[in-house]
1. Using a Förster distance of 22 angstrom, determine the FRET efficiency expected from the C-beta separation of Ser19 and Gln75, and round it to 0.05.
2. What are the ³J(HN,Hα) values, in whole Hz, obtained from phi via the Karplus relation 6.51 cos²θ - 1.76 cosθ + 1.60 with θ = phi - 60°, for each residue of region 2-9 in sequence order, with x given for Gly and Pro?
Amino acid sequence: QISTAGLLVGGLWCFCALSLVALLVRADTAIFIGVYSLQPLLAGLAASALAWAYMGRLLWRRLQGFTGDGLGATQQVCEVAFYLGLAVALPT
């Protein structure tokens, strides 16, 4: 199990990474201000969440749970899905 402190540290790292993405998408916008800068970020998060749900269902159906290899594969698939979602939603 993950401790509360570990969860808070993980959440802080995620917030820092997502804030950096928001700044890079629209450099003249402060962190998470403006709908324009949030749209690609939300699209990436939605794609990652869909990939996570799919992988969870697939691994549960095939293995009746998770293994270390399954968790590693899920992380990789979710990361690629996030980047694809972000790229698709970026303005041209």
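Read the figures in this text as sums done on the coordinates, not as results from a lab. Keep in mind it's a predicted model, so treat the numbers as computed, not measured. Neighbour counts run over all protein chains shown; Cβ positions are idealised from the backbone, glycine included.
1. Given R0 = 22 Å and the Cβ-Cβ separation, E is 0.60.
2. Values per residue, Gly and Pro as x: 8, 7, 5, 5, x, 5, 5, 5 Hz.
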